[in-house]
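Here's the structure we're looking at; comments come further down.
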Amino acid sequence: MDSRLYSQRVRRLLLPLVAVAFSLSAVAQTPQQWRDSLATLNKQIAEHPQSTDLRLKKAALNIELSQWEYAIEEYGRVLQIDDKNLSAFYFRAYAHNQLRHYHMAQADYESFLAIMPRHFSAQLGLAMTKRKMGKTIETQDELNRLVEMYPDSAMAFAARASFEQEQRQYDLSLYDWDQALRLSPDNVEYRLSKYTVLWAMRRYDEARRLYESLAKSGVSVDLLKRLQSQ
């Protein structure tokens, strides 16, 4: 669940970078419009090859078109011009993750955090990357650090809860889902995850009460039944 939340967070960070390339009334919507905009940016970059702003916009469009390798190359060119460019490190790490280049993604997140240590999305991205690499202890350490730095963030607790749930550390996971729900009580995904943990712990009475609450709020009964088997 937290991986989806992280991807959504990246897109929220990325879209303004794309949008500033165009007037708000003409922001590209279709893949062909994105490609047309990319062609325009390529011409502008040919005229101004040292412009990191233009190159960042081009790389953002490459990501929008799922052209991960082109995006990585462009962010690399940005870093040749400006070796401390945070946007280039951050989004190159994201692109590397899409290609499962986890070691390179880790390196980029760490380079970012060396410059700006207290950055929620980069810290979360590093934790998720280490999770994909199977670095269990390091992932736990990164998520603990995230919660310590952001004790008022529901997403921080949710990220740690999801990892603990994956590790079958259900007591710890339940505590963290409760903390996430304390901070974001109406989040349906968090409530569904807590339901799954309660069922796995065989705390059936509590699970059924939450089941009834979720069903009343419009969650599919079929979905709730499927979660029982997870």
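Once a ≥ b ≥ c are taken as the square roots of the eigenvalues of the Cα gyration tensor of segment 57-108, is the result rounded (a/c under 1.5), prolate (a/b larger than b/c) or oblate (a/b not larger than b/c)?
Oblate.
Volume per residue, Å³, of the convex hull around the alpha-carbon atoms of segment 25-123?
That works out to 105 Å³ per residue.
For each of K135, K58, count neighbouring Cβ atoms within 10 Å of the residue's Cβ, then give the residues from fewest to most.
K135, K58
Give me the distance in nm between label points sitting 7 Å out from Cα along the Cα-to-Cβ direction at Q32 and E212, one decimal.
Between Q32 and E212, the label points sit 5.6 nm apart.
Taking other Cβ within 10 Å of each residue's Cβ, how do I81, I72, I45 sort, fewest first?
In order of increasing Cβ crowding within 10 Å: I81, I45, I72.
What number does segment 105-230 give for Rg over Rh if you use C-alpha atoms and the Kirkwood radius?
A ratio of 1.03.
In percent, what relative contact order does segment 34-115 have, based on Cα pairs under 8 Å that are 6 or more apart in sequence?
Contact order relative to length: 22 percent.
Rounded to the nearest 0.05, what FRET efficiency do E189 and N144 have when you use their Cβ-Cβ distance and R0 = 25 Å?
0.70
Could you list R145, R226 so that the one with the fewest beta carbons within 10 Å of its beta carbon is first and the one with the most is last?
The most exposed by this proxy come first: R226, R145.
None of the figures in this text is laboratory data; all of them are computed from the coordinates on show. None of the values given here were measured: they were computed from a predicted structure. So basically every Cβ, Gly included, is an ideal-geometry build from the backbone, and we count neighbours across all protein chains shown.
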